[in-house]
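**Student:** I'd like to ask you about the structure that follows.
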Amino acid sequence: MSWTAAIKNVNDSLGHRIGDERPAQFAERRKRAVREDDMVSRLGGDEFIPIAEESGLILPIGEWVLRTAVLQMRLWQQAGLPPMSVAVNLSAVQFRQANLTQWMSRIRGGDHQPGARPGPADHRRGR
């Protein structure tokens with residue numbers, strides 16, 4: 001549930017006064033949880049993905065997302081739900097990896113070896 005939807009639920013159920021207080025309480029808790037030098041921000045996907053690609057983090061993030069999606073599908077099937085399709089977006093950096101197909105097959109097959117990521121060891125900027 002998004003933050004906006006959560007606040008709407010609070011407003012609808014407990015009133016706008018409480019709904020107005022919640023973001024301030026959250027901000028105060030967040031402020032106490034970080035160091036003075038830390039920067040806290042909320043990035044949308046269109047801002048976050050380029051930063052993750054440039055920093056080289058998009059590959060481990062993408063691996064985590066795909067492994068999590070595969071695990072969730074398995075849990076749903078074990079719970080007796082019918083097979084279903086699940087989509088996972090890939091970044092341009094991921095598509096440029098030479099062994100992308102093999103990497104995806106390993107993850108779908110249940111290979112949870114650490115470091116079984118696509119591409120060379122240097123993940124920076126898709127190299």
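**Student:** In this structure, is residue 69 closer than 27 Å to residue 6 by Cα and in the same structural domain as residue 8 (by TED's automatic domain parsing)?
**Tutor:** Answer is no for this residue.
**Student:** In region 8-121, which helices (runs of 4 or more DSSP H) lie fully inside it and hold 2 or more residues that are at pLDDT 80 or above and surrounded by 14 or more Cβ atoms within 10 Å (Cβ to Cβ)?
**Tutor:** Once the helices (runs of 4 or more DSSP H) in region 8-121 are filtered for at least 2 residues that are at pLDDT 80 or above and surrounded by 14 or more Cβ atoms within 10 Å (Cβ to Cβ), what remains is 45-55, 58-78, 92-95, 100-108.
The values are calculated or read from the model by the stated rules, or taken from the named source; none is laboratory data. Predicted model only: the values in this text are computed from it and were never measured. For neighbour counting, all protein chains shown are included, and Cβ atoms are generated from backbone atoms with ideal geometry for every residue, glycine included.
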